[in-house]
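Reviewing the structure listed below.
The values are calculated or read from the model by the stated rules, or taken from the named source; none is laboratory data. Since this is a predicted model, take the numbers as computed values, not measurements. Using ideal geometry, Cβ is built from the backbone for each residue, glycine included, and neighbour counts are taken over all protein chains shown.
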Amino acid sequence: MTHYKKHPMSRRSFLTTAGIAAAATAFYPKTALYAKAVAAHPPTKGAISLAGVWRFAMDRTDEGANTGWFKKPLAADASISLPGILQTQGFGDEITADTKFVAALPRDMRWYLLPQYKPYTVPGNVQVPYLSQPVRHYLGVAWYQRDIDIPNGWTGKRIELFLERTRWQTDVYLDGQLIGSNRSLVAPHEFDLGIQKPGQHRLTIRIDNRMLTPAYRPDGHGVSDGEGSTWNGIVGRIELSATSLVWINDAQVFPNLAAKSAQVRVSISNLSGKAGTGTLSAGAVSVQVSWDETGGKALIDVPMPAAGPWSEFTPELQQLPLTLRGGLADHDLKVTFGMREIKVDGNRILLNGEQLYLRATHDGGGFPLTGYPATDVATWRKIIGTCKSWGLNGMRFHSWCPPEAAFIAGDELGFYFQPECGMWNAFDRDGKMLAVLNDETERLLKAYGNHPSFVMLGATNEPAGAYSQQLPLWDKAWRQADSRRLYTDGTGRWAVQPAGPGTAFAADYLVTGSEARGPRCWFGLDYEEGLKKIRSGATIPCIGHEIGQYCAYPDFGIIEKFKGKQANYSAFPKGIDSGKVPYMHPGNYIIMRDGARTHGILARNKQLAHASGRFQVACYKEEIEALLRTPSYSGYQLLDLHDYLGQGGALIGMLDAFWEEKGYVTAEQFSRFNNATVPLIRLKDRVFTTDQSLTASAEVAHFGPKTLTAVKPTWRIVDNSGKSVMTGSLPTRDVTRGNGQELGTISASLSKLSAPASYSLILDLAGTGFSNRWSFWLYPPAAKTEVPSDVLVSSFWEEAKARLNNGGKVLFLSGVPENPSRDLSLTTTPIFWNRLMNPSRTWMLGLLNASDHGALAGFPTENCCDWQWVNLLPKTIAMNMEALSPTLTSVVQPIDDWNRNLRLSMLFECKVGTGRLMVTSFNLSDEGIEEQPAAASLRKSVLDYMASPIFKPENVVSMREFESWVPTRYVAPVILNSPPATHDVADPGQLKG
């Protein structure tokens, strides 16, 4: 691996700079520098932009380096615009069934061999089910060339080429000579062009975006097609700049809040080959410095008496001008930073001495319109602004690192970042991958280390191989080198305690997985016991890993957004940017939509999306609140606020892949339970009877900027119209920073409330604007329901058939088959991630209820699944309606996985012969209603409807048709999936350490 050709900043020199920090204080004078906040990152001054049209050539056989393409002008008949990428400018290969995508999830990418996808393998109609495919695909070498003019004013100066973001390896030639090579996924590629004569020169850049060695896992977001990261090109700033022959190569600022000062650690480089001395100034502070033939180091301490601390609540930035003068040195540099310190205190994370609670979302680098990540601050302001409006204060960049524009926006808006080093990898015993990790870490810290938003760094997502032996070395080395942030050696999978259980972890914090998340601790519980197991007797902060992953049915209106023609994209103000066409094509959504049309449910798309989305939000609410109730958690990283387009497609967001609302929950609603301050309760049940009382312990999680003084918590119960039917208050108290702060006990007798009915318990922190609410359902005590004289309730088809043939009314209890199919079994949570990646897991996405139907008039419900329905779902099987007419709509329809799109039912009506029929798969038998008051209420509601004159089913099914359906109603079609992996689901092809 080759670094800059001249004067690289080695890892050793970086560590040396950090190591001498303690000795510096006694030697350098201190005078005042009065800091001021800045609104935006200062623009590059004095640079020459190379944006524009470049000559261009594809090198499919990789012959150009050996045959000297760089020695002569490339043909003028092919050109490309930079910044930009080749795929959106008409270059690369059209997508075919044989396109070799960089991806391993879901498990087996041979989708084109499956019969259900055969129509989508035809040229002209190739649609890929596992991801939103790129418009074109190319893995290989491409050459970019243009003539540049060196101005007379740069005579005798050192010239640098800056490529803000490219991938993966770049080789730069000037006038036919190799300048150097760079290989990085996380930081700019910079090249020292040395001293060049004024006038015209030919600049040639070779870019290789193939999978390089050592082998990266193909699902890492720095390399994978899953979120569109296989592009070839250069984006962001493409610039030439000039410096003196002795210059400031790097300046890293280390704030000291207690001393109200900042230490600047400077690396000086020297192209002249001559030792020298000079003056380094930081604001009004100056020190004498020296350098040898290659360069030198310097430390300078700057008082910051007026600088306030940087945080999510006070995003105050400082600018510090640096100058180096003397001899051959004449260089100016300006650094922007924040006065911010982060450290660990037992199980807590402290930011500026106050407890930090992270509320982050995952981001995989998906930019559907461009393919490449945004390099402009305006786009990142919109993305981060959206996240903040939904109550978040941070973002975890899964196996990738964003460009500097993201950090600038995060600094300005007060947002916390955990980037990662471009990896989701296995670590070989020879240490090759560890060497790459260290190289990428050095680059990342140098490029973005001064940004106060950069509070955490992850080595890799879910490492494999010899990671437990190697990554503790990474933790230790980089913590010593740069203590301005916290380090974790594996997000979601970490190195075990080097000295065994009960001793310290190597990482500063853990990002914890399934032991401390999921439904087991919803409804008033917390994950504290799970965290104790994870910590193995040690103390260490823990952050919830990839929380959520609950899916909703897609709204196919998103297909139009991929065309890039929407007048205004909420998060993407630049649209397709320099591309001629959008980068991603929604082939996966097209397949889903076609399936919905084939199965007769496309007309209900909006309803299905809305109803499943409401159930998704209910699940997110329960999980987030369980995390907030957990005393020693330090936060969570959602997966995700917005949808994920790869790995089979994971529609897990409240926002779509364009960061736009889906229409079933607003930012204001979501931030009631996802915010700096959240009122909470511990309430196990959500279904009650009128002979019970509701008792809940109230508490608050508060991580706001200051103590809330003299807070008066109040509670009320409101009915479905919003009218208060019961009120109360809890003792007044101060609310300090932290969670688990008890507010008191809410107790309410329910005997005088109307039932059946739905209610909401609302807990307010009066005068603060913070409020939360929880729905519950109230029923009469469970009792046997009287059956109307003209209605037969039967679980025996022959008995039901006889009554129907006589023109009677029947409630047919469909029951449960002896050997129920997993493929039709209902579950109490929606699909986790997606079914293509997890074919043996649940298929369900909630229920679509005809809430205004007469059969549900006595059973309070909205159009979606909620917790009163969830009580009825265990051990139930959906009925497959595919053999009956699609015009036969259900009263209660389970929402199937979007890859299968079956028409299913739990309750429907029809006319059979001269009789009238209602069919249900809910257990509404005498035994069933004794166990569940909700079941008794549902049965009564259905029977009351059947006894009324409005029971007049519109759909007619012949007796022959219905009888042929009865034995098949619990049979699911066989749908072939790629064979599942036999090893770790999270790591196909994992190397064993």
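Could you tell me which residue of region 763-787 is surrounded by the most Cβ atoms within 10 Å (Cβ to Cβ), considering only residues that are touching a helix residue (DSSP H, G or I) at 6+ places or on another chain (Cβ under 9 Å) and outside any strand (DSSP E or B)?
Thr785
On the given criteria, is Asp363 over 22 Å from Gly646 (Cα atoms) and of a type outside the set (Lys, Arg)?
When the stated conditions are applied, Asp363 does not pass them.
Please specify each residue of region 788-846 satisfying the condition of being of a type in the set (A, V, I, L, M) and part of a helix (DSSP H, G or I).
If the condition is that a residue be of a type in the set (A, V, I, L, M) and part of a helix (DSSP H, G or I), then Ala800, Ala802, Leu804, Leu824 are the ones that fit.
Would it be correct to say that Gly236 is touching a Ser or Thr at 6+ places or on another chain (Cβ under 9 Å), touching a residue at least 12 places away in the same chain (Cβ under 8 Å) and either assigned to a strand (DSSP E or B) or surrounded by fewer than 23 Cβ atoms within 10 Å (Cβ to Cβ) (or both)?
In short, yes.
How about region 291-322: which of its residues are over 30 Å from Phe417 (Cα atoms) and either without any contact (Cβ under 8 Å) to a residue 12 or more places away in the chain or not in a loop (DSSP other than H, G, I, E, B) (or both)?
Trp291, Gly295, Gly296
Yes/no per residue for (1) surrounded by fewer than 20 Cβ atoms within 10 Å (Cβ to Cβ); (2) modelled with pLDDT of 95 or more:
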{"site": "Leu510", "(1), (2)": "no, yes"}
{"site": "Ser514", "(1), (2)": "yes, no"}
{"site": "Cys521", "(1), (2)": "no, yes"}
{"site": "Ser536", "(1), (2)": "yes, yes"}
{"site": "Ile543", "(1), (2)": "no, yes"}
{"site": "Lys563", "(1), (2)": "yes, yes"}
{"site": "Gln566", "(1), (2)": "yes, no"}
{"site": "Met584", "(1), (2)": "no, yes"}
{"site": "Asp594", "(1), (2)": "yes, yes"}
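Scan region 915-937 residue by residue and report those that are in contact with a helix residue (DSSP H, G or I) (Cβ under 8 Å, 6 or more places away or on another chain) and either modelled with pLDDT of 95 or more or buried (at least 21 other Cβ atoms within 10 Å of the Cβ) (or both).
Across region 915-937, the qualifying residues are Gly915, Arg916, Leu917, Met918, Thr920, Phe922, Asn923, Leu924, Ile929, Ala934, Ala935, Ala936.
Answer with yes or no whether Ser721 is surrounded by fewer than 14 Cβ atoms within 10 Å (Cβ to Cβ) and modelled with pLDDT of 95 or more.
yes
In region 744-792, what count of residues is obtained for those that are more than 19 Å from Glu699 (Cβ to Cβ) and of a type in the set (A, V, I, L, M)?
10
Mind listing whichever residues of region 805-848 are more than 30 Å from Glu546 (Cβ to Cβ) and buried (at least 18 other Cβ atoms within 10 Å of the Cβ)?
Answer for region 805-848, where residues must be more than 30 Å from Glu546 (Cβ to Cβ) and buried (at least 18 other Cβ atoms within 10 Å of the Cβ): Lys809, Val810, Leu811, Phe812, Leu813, Ser814.
Taking region 644-681 as the region of interest, how many residues are among the charged types (D, E, K, R) and in contact with a helix residue (DSSP H, G or I) (Cβ under 7 Å, 6 or more places away or on another chain)?
Going through region 644-681 one residue at a time, the tally reaches 2.
Which numbered condition in (1) part of a strand (DSSP E or B); (2) touching a Phe, Trp or Tyr at 6+ places or on another chain (Cβ under 6 Å) is the only one that Ala97 fails?
(1)
I'd like to check which strands (runs of 3 or more DSSP E) are fully inside region 701-755 and have at least 1 residues that are hydrophobic (A, V, I, L, M, F, W, C) and within 30 Å of Tyr633 (Cβ to Cβ).
By residue number, 708-719, 733-735, 738-749.
Can you tell me which residues in region 565-596 are over 24 Å from Ile652 (Cβ atoms) and either in contact with a Lys or Arg (Cβ under 8 Å, 6 or more places away or on another chain) or of a type outside the set (Lys, Arg) (or both)?
Those that are over 24 Å from Ile652 (Cβ atoms) and either in contact with a Lys or Arg (Cβ under 8 Å, 6 or more places away or on another chain) or of a type outside the set (Lys, Arg) (or both): Ala567, Asn568, Pro573, Gly575, Ile576, Asp577, Ser578, Gly579, Val581.
Specify which of the listed residues (Ala65, Ala22, Ala47, Ala40) is among the small types (Gly, Ala, Ser), modelled with pLDDT under 95 and farther than 23 Å from Ser261 by Cβ.
Unique residue meeting the criteria: Ala40.
Starting from region 240-261, take each residue that is aromatic (Phe, Trp, Tyr) and list its partners that are assigned to a loop (DSSP other than H, G, I, E, B), counting only C-beta distances under 9 angstrom and pairs at least six apart or across chains.
Trp247/Leu271; Phe254/Asp482; Phe254/Ser483; Phe254/Arg484
Would you call Arg960 exposed (fewer than 15 other Cβ atoms within 10 Å of the Cβ) and over 11 Å from Thr785 (Cβ atoms)?
Against the criterion (exposed (fewer than 15 other Cβ atoms within 10 Å of the Cβ) and over 11 Å from Thr785 (Cβ atoms)), Arg960 qualifies.
When you scan region 181-231, how many residues do you find that are assigned to a loop (DSSP other than H, G, I, E, B), out of contact with any Pro (no Cβ under 7 Å at 6 or more places or on another chain) and more than 30 Å from Met837 (Cβ to Cβ)?
Count: 4.
Do you know which residues across region 596-632 are under 16 Å from Thr361 (Cα atoms) and over 17 Å from the mean Cα position of the chain (by Cα)?
Of everything in region 596-632, those that are under 16 Å from Thr361 (Cα atoms) and over 17 Å from the mean Cα position of the chain (by Cα) turn out to be Glu625, Leu627, Leu628.
When region 854-881 is examined, which residues are found to be over 19 Å from Tyr550 (Cβ atoms) and surrounded by fewer than 19 Cβ atoms within 10 Å (Cβ to Cβ)?
Result: Gly854, Ala857, Gly858, Lys875.
Residues of region 544-584 being under 30 Å from Leu627 (Cβ atoms) and not in a loop (DSSP other than H, G, I, E, B), which ones?
Once the filter is applied, which keeps residues that are under 30 Å from Leu627 (Cβ atoms) and not in a loop (DSSP other than H, G, I, E, B), region 544-584 yields Gly544, His545, Glu546, Ile547, Gly548, Tyr550, Ile558.
Looking only at region 88-119, count how many residues are modelled with pLDDT of 95 or more and of a type in the set (Lys, Arg).
Number of matching residues: 2.
Among the residues of region 76-88, which ones are surrounded by fewer than 20 Cβ atoms within 10 Å (Cβ to Cβ) and closer than 25 Å to Phe162 by Cα?
Listed by number, the residues that qualify are Ala76, Ala78, Ser79, Ser81.
What is the residue count in region 593-628 for residues that are out of contact with any strand residue (DSSP E or B) (no Cβ under 8 Å at 6 or more places or on another chain) and more than 17 Å from Thr829 (Cβ to Cβ)?
Residues that pass the stated criteria total 14.
Those residues that are among the β-branched types (Val, Ile, Thr) and farther than 24 Å from Leu445 by Cα, I need them from region 350-402; list them, please.
Answer for region 350-402, where residues must be among the β-branched types (Val, Ile, Thr) and farther than 24 Å from Leu445 by Cα: Thr370, Thr386.
Considering only region 455-506, state which residues are acidic (Asp, Glu) and under 24 Å from His221 (Cα atoms).
Selection gives Glu462, Asp475, Asp489.
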